[in-house]
Amino acid sequence: MKSLIPIVAAVVLASSLAGFAQDSKSKPASTAAASPKPYQNVGVDEFEKLASDKKNVVLDVRTPKEFAVGHIKGAVNIDFNAPDFEKKVAALAKDKTYLVHCAGGVRSSKACAKMSELNFKQLFNLEPGLKAWEKAGKAVEK
């Protein structure tokens, strides 16, 4: 019986290793680490710092109605939900840095993803959106 224990242990170990090798072959590797997000999420203070550089473009992707109620000074408005959003964005200079925002961060995140597909290289998303900007006491104009 004692002579069977090492043999059984070896068989169990070999089976486990074979199963591990098979699992690693059948499961695709995670691509999250391999492909970083094509844009950076930033908070209010970092967004404000970036916006102070006049070479950067503040892109407001809310509706024209939302934009009219209040927006960051100098912002360009292109409505993410408009049917011609992609066409309008594609016409922008791709070599500039864009600071993208919406009201709460969802549309701007989607806009950044779309812009990265269109080969824009420098994109920053105001992750908490204009609501957080206003809550932090930052200026908006009408």
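Nothing in this text is a laboratory measurement; each read-out follows from the coordinates by a stated rule. These numbers come from a predicted model, not from an experiment.
A few remarks follow.
- A cut-off of 5 Å between modelled amide H atoms, ignoring neighbours fewer than 5 places along the same chain, links Val58 with Val76, Leu99.
- Measuring between alpha carbons in the structure, the pairs from Lys73/Lys142; Lys94/Lys121; Lys88/Lys131 lying more than 18 angstrom apart are Lys88/Lys131.
- From the Kirkwood radius over Cα pairs of region 40-135, Stokes-Einstein at 25 °C and 0.890 mPa s returns a whole-number translational diffusion coefficient of 190 µm²/s.
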